[in-house]
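Please read the structure below before turning to the comments.
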Amino acid sequence: MFQGMHGSKSALGPEDLAMIKDIYDEWCAARCCPKDSPSAIKAAQELISMFEHGVRSKDDLRIMVGTIGAHLLKHWSGRG
């Protein structure tokens with residue numbers, strides 16, 4: 001099924017980007033985390049990666065990024 005794709009990724013549509021941005025904004029607000037902080041940037045990367053790997057439900061993405069949130073804040077606190 002994935003043969004011939006050579007690692008290419010399909011483009012995210014406007015609705016997909018809006019959903020990911022909403023979750024990202026919620027994540028940052030809930031943690032009082034500046035959007036340009038290393039933790040927030042990593043959360044954004046993780047959200048996009050999860051979406052690209054098939055997690056398409058807004059609720060599932062919220063849960064999954066929430067579970068990495070504490071780890072990211074602990075790992076990146078004091079850096080940046």
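The values are calculated or read from the model by the stated rules, or taken from the named source; none is laboratory data. Quick caveat, the model's predicted, so the values are computed rather than measured. So basically every Cβ, Gly included, is an ideal-geometry build from the backbone, and we count neighbours across all protein chains shown. Surface areas here come from the heavy atoms of the whole protein model, side chains and all, with no ligands, DNA or RNA. Shrake-Rupley method; radii C 1.70, N 1.55, O 1.52, S 1.80 Å.
Residue 21 - would you say it is modelled with pLDDT of 95 or more and either open to solvent by 90 Å² or more (accessible area, probe 1.4 Å) or touching a strand residue (DSSP E or B) at 6+ places or on another chain (Cβ under 9 Å) (or both)?
So residue 21 fits the description; yes.
Where the second residue is in a loop (DSSP other than H, G, I, E, B) and not polar (S, T, N, Q) and the first is open to solvent by less than 80 Å² (accessible area, probe 1.4 Å) and lies in region 26-39, which pairs have Cβ atoms under 7 Å and are six or more apart or on separate chains?
Qualifying pairs under 7 Å: 28/35; 37/80; 38/79; 38/80; 39/33.
Quick one: residue 12 ticks every box in (1) at pLDDT below 90; (2) loosely packed, with under 12 Cβ neighbours inside 10 Å except a single one, so which number is it?
Of (1) at pLDDT below 90; (2) loosely packed, with under 12 Cβ neighbours inside 10 Å, only one is false for residue 12: (2).
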